[in-house]
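These notes are about the structure you will find just below.
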Amino acid sequence: MDYYLQESEKVISKFDSSHQGLSAATAAKRLETNGKNKLNESKKTSLIVRFLNQLADPMIIVLLAAAILSGITSAYSNESFADVFIILFVVILNSVLGVIQESKAEEAIEALKQMTAATSKVLRDGQIVLVKSEDLVVGDIIVLEAGDAVPADARIIECASMKVEEAALTGESVPVVKTADVLDGDGEISLGDRKNMVYMGSVVVYGRGTAVICATGMDTEMGKIANALSQAKDEATPLQIKLAGLSKILTWLVLGICVVIFGVGILKAGSLNTGVLLDTFVLAVSLAVAAIPEGLAAVVTIVLSIGVTRMSKRNAVIRKLTAVETLGCAQIICSDKTGTLTQNKMTVVDYVGCDKQLLAKAMALCSDAELNEENNTIGEPTECALVAYALSCGLHKNNLKNQYPRVGEAPFDSMRKMMSTVHSNGNNFIQFTKGAPDEVLQRCSHVLTEDGLQELTPERRDKILSDNKAMADKALRVLAAAYKEYDSKPEDCSPQVLEKDMVFIGLTGMIDPIRPEVKAAVDQCKDAGIRVIMITGDHIDTAVAIATELGIINDSSQAIMGNQLNSMSDEQLYDSIKNYSVYARVQPEHKVRIVEAWKKLGMVTAMTGDGVNDAPSIKSADIGIGMGITGTDVTKNVADMILADDNFATIVSAVDEGRRIYANIRKSIQFLLSSNLSEVLCVFFATMLGFTILHPVHMLWINLITDSLPALALGMESGEKDSMKQPPRSSKAGIFSGGVGFDIGYQGLFVAILTVAAYFIGHFIESGRWEITNSHDGITMAFLTMSMAEIFQSFNMRSQRGSIFTLKKQNMILWGAAVLALVLTTAVIYVPFLKTAFKFTAISFTEYTIAMALAVAIIPLVEIVKLLQRMLAKRKQRG
């Protein structure tokens, strides 16, 4: 309801209340009817449910199916259940890692509740009483003083110099001066401009007042935010979508292989009986095991986890694993202004006046802000900026207070728009006044100039007003200072007596300054093809000035206000969203609409922020980024990533890391799938010809041990030098795009050919004949060749198109993985109890050397193909 457009008396009457407040009986009845003044409880996900959610991942389901099939075949063939236990171990490890990273429960609504007042002063039956804030009802008259948290949304009845900090709700860093007057306007007025209203979650920082409660609980502006949080749905990240798609492909591939092998086996047997059916089924399952990259889920999870650790060292704390990868394809970053792009600390950046020291002294003494022992300012933000300015001029507030003790004052009020203080100055007294330039100027008769005290002529007055406008046009908050000297202490310190015939000293211009590192970060975003959008509750002039300085916009036509968004339908916003990069005076629901419009355009959208007002949009975005220092608990609990240093530039580092991680995961996937393809081709070929080249346990060992170690090492690969000079990849681009599908195919085929060659050479060395029969030496040599060929193939994966011999930096982790894999593979062949368990034979040195030579051959073979691919790419570029 537009209570801000109505007289306070009318609002009181509407709620059947009075200036004496409600009766206790009426309040109790309303409390019973309308419920408590608190936000709805959030539903918490139990540990077991989060664990089960991890198991619901499509890739994990495929692994569980493989474990069941392997268990059935092991039972039939009286073999060890080792492969079943290994698969289940991988599944549990993957799920536990996921739960650990995402173990922090959603506590957004709980954090919102903590921001509201625990108790409040309220008029009941004409008496001021202290009641629990949750027991407040509409119509209650609340009493507010400096330091009080506002317990509900209310219309101000009367106030005296009351200022309210609303940054958490509106994003505006400067406290709002409140009034009890009706606001001018026929329609919707933005939240930050409703100066005769106070809202739950805000804090009174100065003055006092009374107000009639208009909304409680979930009906408050804070309640609307809480509701928006509960309505926002968690969506699958681009990586989750791609891996789910890959799981479906693998599932159908496995089913297809099983059906083909089963059919071929029945046809070859020539008869249909239980033995034939079970033997064929075992063959089909062995191919299924070969086709499924059992280590993939764990490799992806571990690579993401390591990425999370790396990011935390760069002050980016990741709450959800998949958020790491999503950052890499971010195309839009919607950033809150206050505290994110700026420092959330008002600072004097300009001044006009001939005596800087006197100006700073006047501003510091005529304020109630103080300096603590660490020289940090305490008080209202604007006054803190003035005291800090004086300190930068060598004037410590505590020293000034000792030298010029305050002996009288005329406090600030919103009608005069100024305040005055009187100080002892030895045997004399001096008055300092600060306030709105036009108001202070009206009460001055002289001005301090380079030539001393001069009469304030119309020309000098116009010059001061011109200087004021120049500062205001730069979105600076401008205050004026004046002084007046006395031989004795004024007996009357009323504004009417003090604030006349003053001497004008000068002007100070202050602003919430840009973080020093943000400009470079915005430029890097541009280079990386990422568009930065500023969304703020602050005034449009301030927003435009900051955005122009940062290079986010070129002119004010690219900025729009929240009340203009109100008149736009979602379709109209969708059609015009690309025209604007600055949104000012916005409300929480506007932020969500902006994020949703960009997402509807197919853009991967990130949203940064620190205030409660940012929480719904942070949750709605593809990736929500909260602030670790200034951010509220609400924002942190819905964010995917938290900036520990509140540094916008940290996002750029996180995006770079996200791109590196995705590229490496893609390398790992390509490596694992090409390896699995080689296994499928080998087993399929051997099955068609009627001999055994590898047993299921051999392929499981290769998939989980030989392949997983280098796959993890590939996840540690350094990023490409120009990764942040490239546009973001499309979230719709598949795992197999960019020639990856072809690479998997030919590389898997090469390894399969080399493996089959090793089998037949081993068979010939063992038997002296070239024939198609089972061979222990052949199986052992095939296993060694395939295992080591895939190790050498992992080096090929370091660059999709570039030669590995041109890479200057070595991946020492990959070298370590290769050595470890070689040791483990050799041990399986030669250690007696392992050799027996895996049904190997101890091959001769000659056989070992030949198998290794065939394995190494994968490197020159792939290098030749890469060379041809580079030549074709250059030819296309010339064309």
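Of note:
- The 3J(HN,Hα) values that the Karplus relation (6.51, -1.76, 1.60; θ = phi - 60°) gives for segment 393-406 are, in residue order, 8, x, 10, 7, 4, 5, 5, 5, 5, 5, 7, 10, x, 6 Hz. Gly and Pro appear as x.
- Residue separation of residue 16 and residue 403 scaled by 0.36 nm, minus their Cα-Cα distance, works out to 133.9 nm of gained length.
- Global geometry of segment 505-640, whether rounded, prolate or oblate, following the gyration tensor of its Cα atoms and the 1.5 cut on a/c: rounded
- Burial ranking of peptide ranges 849-859, 788-798, 618-628 (average Cβ count within 10 Å, highest at the top): 618-628, 788-798, 849-859
- Taking the DSSP beta bridges with both ends in the chain, the antiparallel portion is around 75 percent.
- At most 15 other Cβ within 10 Å, DSSP loop - GluC sites (Glu not before Pro), segment 661-753: 720
- The modelled label-to-label distance for the pair residue 839/residue 179, using points 7 Å beyond Cα in the direction of Cβ, is 9.0 nm.
- Computed with a 1.4 Å probe over protein heavy atoms only, the accessible area of residue 404 comes to about 20 Å².
- Couplings 3J(HN,Hα) for segment 709-725, derived from phi with the Karplus relation 6.51 cos²θ - 1.76 cosθ + 1.60 (θ = phi - 60°), are 4, x, 4, 5, 5, 5, x, 8, 4, 5, x, 5, 4, 9, 4, 8, 10 Hz, where x marks Gly and Pro.
- Length gained on full extension, residue 266 to residue 600, computed as 0.36 nm times the residue gap minus the Cα-Cα distance: 115.1 nm.
- Across the cross-link table entries 14/121; 808/874; 356/463; 619/721; 163/337; 248/876, which are compared at the Cα atoms, the separations over 25 Å belong to 619/721; 248/876.
- Ranking by accessible area, most exposed first, for 701, 770, 815 with a 1.4 Å probe: 770, 815, 701
- Near residue 143, the amide H atoms lying under 5 Å from its own belong to 121, 122, 123; only residues 5 or more places off or on other chains count, and H is placed 1.01 Å from N.
- Accessible surface ranking for 473, 193, 1.4 angstrom probe, highest first: 473, 193.
- Accessible surface calculations at 1.4 Å, restricted to protein heavy atoms, place segment 659-793 at 33 Å² per residue.
- Protein heavy-atom accessible surface, 1.4 Å probe, per residue over segment 532-610: 36 Å².
- Options [x] 41; [y] 12; [z] 33 - which one matches percent of Cα pairs over 54 Å apart as calculated here: [z]
- Other-chain or far-sequence residues with amide H under 5 Å of residue 316's (modelled H): 644
- Sites listed here are GluC sites (Glu not before Pro) in segment 338-435 whose DSSP assignment is loop and whose Cβ has at most 13 other Cβ atoms within 10 Å: 373, 374.
- Computed over protein heavy atoms with a 1.4 Å probe, the accessible surface of segment 348-398 works out to 39 Å² per residue.
- Carbon/sulfur fraction of accessible area - the chain, other protein chains in place, 1.4 Å, %: 58 percent
- When only Cα pairs below 8 angstrom with a gap of at least 6 residues are kept, the chain shows a relative contact order of 12 percent.
- Karplus-derived HN-Hα couplings along segment 655-662 (A = 6.51, B = -1.76, C = 1.60, θ = phi - 60°), whole Hz, x at Gly and Pro: 5, 4, 5, x, 5, 4, 5, 5
- Sum of -39500 (n - 2.57) over DSSP H runs of 4+, divided by residues of the chain (222 nm, nearest 500): -16000 deg cm²/dmol
- Long-range amide H partners of residue 533 with built H, under 5 Å: 333, 334, 335
- Relative contact order (percent, whole number), segment 643-716, Cα cutoff 8 Å, 6+ residue spacing: 45 percent
The values are calculated or read from the model by the stated rules, or taken from the named source; none is laboratory data. Note that this is a predicted model, so its numbers are computed, not measured. For neighbour counting, all protein chains shown are included, and Cβ atoms are generated from backbone atoms with ideal geometry for every residue, glycine included. These accessible areas exclude ligands, DNA and RNA; they are computed on the full protein's heavy atoms, side chains included. Shrake-Rupley method; radii C 1.70, N 1.55, O 1.52, S 1.80 Å.
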